[in-house]
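The values are calculated or read from the model by the stated rules, or taken from the named source; none is laboratory data. The structure displayed is predicted, hence computed values, not measured ones. Glycine gets a Cβ as well: all are built from the backbone with ideal geometry, and neighbour counts include every protein chain shown. The area values use the complete protein model at the heavy-atom level, side chains included, leaving out ligands, DNA and RNA. Shrake-Rupley method; radii C 1.70, N 1.55, O 1.52, S 1.80 Å.
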Amino acid sequence: MKSINVLTKKLSDYLGSKEIKQILKAYDFARKAHLGQFRKSGEPFVSHPLAVANILSSFKMDQDTISAALLHDVLEDTKSTKLGIKKEFNLNVANLVDGVSKLDQLDINSTTEMQAENFQKMVLAMSKDIRVIVLKLADRLHNMRTINYLDREKQVAVAKETLEIYGNLAHRIGMNNVYRELEDLAFKTIYPTRYSLLSSSIKKNRGGKRGSLKKIQKKLQKRFLEQGVPAYIEGREKHVYSIYRKMKERNRSFQEIMDVYAFKVIVDSPENCYKAIGSVHSLYKPIEGRFKDYIAMPKSNGYQSVHTGVIGDNGQAIEVQIKTEDMNEVAENGIASHWIYKSGNSNSIDPQNKARRWVAGLLEMRENFDNSHDFIESIKTDIFPDEIYVFTPQGEIIEMSSGSTPVDFAFAVHTDIGLHCKACRINRKLAPLSISLENGQTVEIITDSLPQTSPTWLNFVKTSRARNRIRNYLSNLKTSEARILGKRFLDQHLLSLNLDLKKIDKKDLRNALDAIGTRSLNLLLEEIGLGKRVGNIVANQISGYLSKDKLNKKNKLIPLEITGSEGLVVNYATCCRPIPGDSVIGHFTAERGLVVHQERCKNILAVRKDPSQCFPINWHDDLNNFFSTKIKILTKDEPGVLATISTTIANMETNIDSLQVSPESGSGTSDFIFGVQVKGRDHLARLLRSLRSMSLVLSAKRLHDQENRHEERLH
Ligand code: MN
């Protein structure tokens, strides 16, 4: 038969003749066992296990998995037994076939309850041998590729289950190529018209921007060449279903999603990943906070890469992922790539172990749930740890980033619902608007006929959508409306401190306002109403002022205490990057609200003494948050230096959030500027000490504003 020869040829690329012999024997066994059976397509049944084996051979799976793939349907459909397979082959093959057959026996049922049940059994099977799940995914992939032969009802049921469970699973164990294909096939099956419309628009769009893509690619290639980084660049495309999902659940327009120019860069070593990032940053302006180092800190499914986002010459958003060949293999085939490297590669990534840990976590979790519904909802969280799924009262699922609140939910449903949101019920019980939503909850928003939007919501909303809509609403308020709103909040917060504006002595109030740094009560109320000042902080300032003894408070502004956990109301200046322990000062701006600067920051020098713009700030005593700052490290120019430094930084419980490189050619040294997250000056000092103790490191110091900007100009 022709197709078995195709398989044998692929296998001979990576397996010996003894292993291939076992696989051929399995093929023979399957062919005989399935003799006289046919698929819905009319082909002999054995064509299916053969196709599954073919898929697995492209992941270079071992001989036992490929043999089991050929045999995966014999237990169910023929007279063969597990014992027979064990005798004929080995225990390993028998267990794999048995594992997959058990999954197959779980009939597809459309109720969530049944799927969850199936899923649990699947997880149990997985936990014994992770190859069972890889095999099952290949089986499902081939069934999805040939789904047209089933009747319509069955097609939709299989496709839904694929979206619900198998796509997610493939994604979670890092088999991204399989994940994308499964999702697209399922999407195409369930919504054929949407799929064809969307994919033809995508094709058209890609055609339209081919020229600019080429141009950017050329520029990158040239820069890599100049800086001596051997690199291979390719454009990166999102799959159809992920574009659809983004449009639907994040409410983005097609154009918005397609406007991103995404590239994948393959280099020859981990060090060159960092070098290449430096090259990209020297060519295009990096976007703050978009640098992600998954090499120093791999994702839980073993994914490694460095990511960055930059702004192109014409203002277009450009995403770049940089990986080595090995990392790329893991990124595409995840857990399956483990078997390729098992022959003595000393690479520290071990997806098998990571997946095992994940499975162990699932099993532990399962024991804490009484019914399957809760279980599957919690699984979904674990599969997409950054997202939560909650239900509208109509049963529609809304996906949001974790930590989202009922207000985020309200704005995710509709802007009007957000603006008019008054209260909420979670699982039919009244709940605070600021509470963090959990996976699987049903959220009902109670609205008022009048807008209820409050600047205090800015303290807790999580999504940028909600934040932008709130800010937008507030900034459009008329002065008088803002004042009324501001008064309502100030009164409310003063009340909780047993204070009443009307009962405060006029002169005391006047002095308190001076101490806060505002010209008049009306202005203060407006500022609160517009979200430029925060009601509870102002109330605390007034109360603090009133309770201090008179001698002390003369001409003294009351410092505001910050903890770093205020959320979005307090911003930290990106010019001087203050951290706890620094002397700091607060600056109000209309666009950004309160911005904390270092007292020595040059940008604040001119307005530092103006109490309407600046006022004193202290760090709270108990701080447990991370703050971003920059450090500059001068090192010997040796291979691997960046990876070593990154690891040292990561070992100090410090996250890296940006990186700039400027190799000083000829002098034998390199300069790196790392954006790092630390808890404060002590933490930073410890970090710098441990860096300085490295023989590679010539110097390490914190960067303050002026030097920082100078450095950035160098590139
Ligand atoms: Mn099958």
Separation between the F38 and M297 pseudo-spin-labels, each 7 Å from Cα along Cα→Cβ, expressed in nm? 5.8
Computed from the beta carbon distance with a Förster radius of 30 Å, FRET efficiency for L83 and K160 to the nearest 0.05 stands at 0.25
Summed side-chain charge close to I631 - residues other than I631 whose Cβ falls under 9 Å, Lys, Arg +1, Asp, Glu -1: +4
Enter the accessible area per residue of segment 385-476 (Å², integer; probe 1.4 Å; all protein chains in place). 48
So I417 and L698, fully extended at 0.36 nm per residue minus their Cα-Cα distance, gain in nm 95.4 nm
Roughly speaking, to the nearest percent, how much of segment 385-476's 1.4 Å accessible area is carbon and sulfur? 47
Would you please put 576-587, 421-432 in order of how densely packed they are, using the mean number of other Cβ atoms within 10 angstrom per residue and starting with the highest? 576-587, 421-432
For segment 385-476, Kirkwood radius (reciprocal of mean inverse C-alpha pair distance, Å): 12.8
When the accessible area of segment 202-337 is split by element with a 1.4 Å probe, what percent falls to carbon and sulfur? 49
Taking the highest mean first, how do the peptides 615-626, 58-69 order by number of other beta carbon atoms within 10 angstrom per residue? 58-69, 615-626
For segment 408-557, what Kirkwood radius comes out of the mean inverse Cα-Cα distance, in Å? 16.8
Of the heavy-atom accessible surface of segment 6-68 (probe 1.4 angstrom), what whole percent is carbon and sulfur? 56
Using only Cα atoms, what is the ratio of the radius of gyration of segment 232-276 to 2.2 N^0.38 Å? 1.54
Surface/4 estimate of mean projected area, convex hull on alpha-carbon atoms of segment 161-290, nm²: 9.4
Based on Cα positions only, what radius of gyration and what Dmax would you give for segment 594-691, in angstroms? 17.1, 53
Which shape class, rounded, prolate or oblate, goes with segment 404-458 when its Cα gyration tensor gives a ≥ b ≥ c as root eigenvalues, a/c under 1.5 marks rounded, and past that a/b bigger than b/c marks prolate? prolate
Obtain the nm distance between the two label points defined at Q394 and N148 by a simple spin-label model: each point lies 7 Å from its Cα along the Cα-to-C-beta direction. 3.5
Estimated FRET transfer efficiency (E438, N651; beta-carbon r; R0 35 Å; 0.05): 0.60
Taking R0 as 56 Å and r as the Cβ-Cβ distance between K609 and S402, the FRET efficiency 1/(1 + (r/R0)^6), rounded to the nearest 0.05, comes to 0.85
Assuming 0.36 nm per residue, please report the length gained on full extension of the stretch Y14 to I504 beyond their Cα-Cα distance. 168.0 nm
Label-point gap, in nm, between E325 and K285 - each point 7 angstrom along Cα→Cβ: 3.8
What does a probe at N476 reach in segment 495-530, counting residues whose amide N is under 16 Å from the point 7 Å along Cα→Cβ? 530
Amide N of segment 455-471 lying under 13 Å from the label point, which is placed 7 angstrom from the Cα of R488 along Cα→Cβ: 455-457
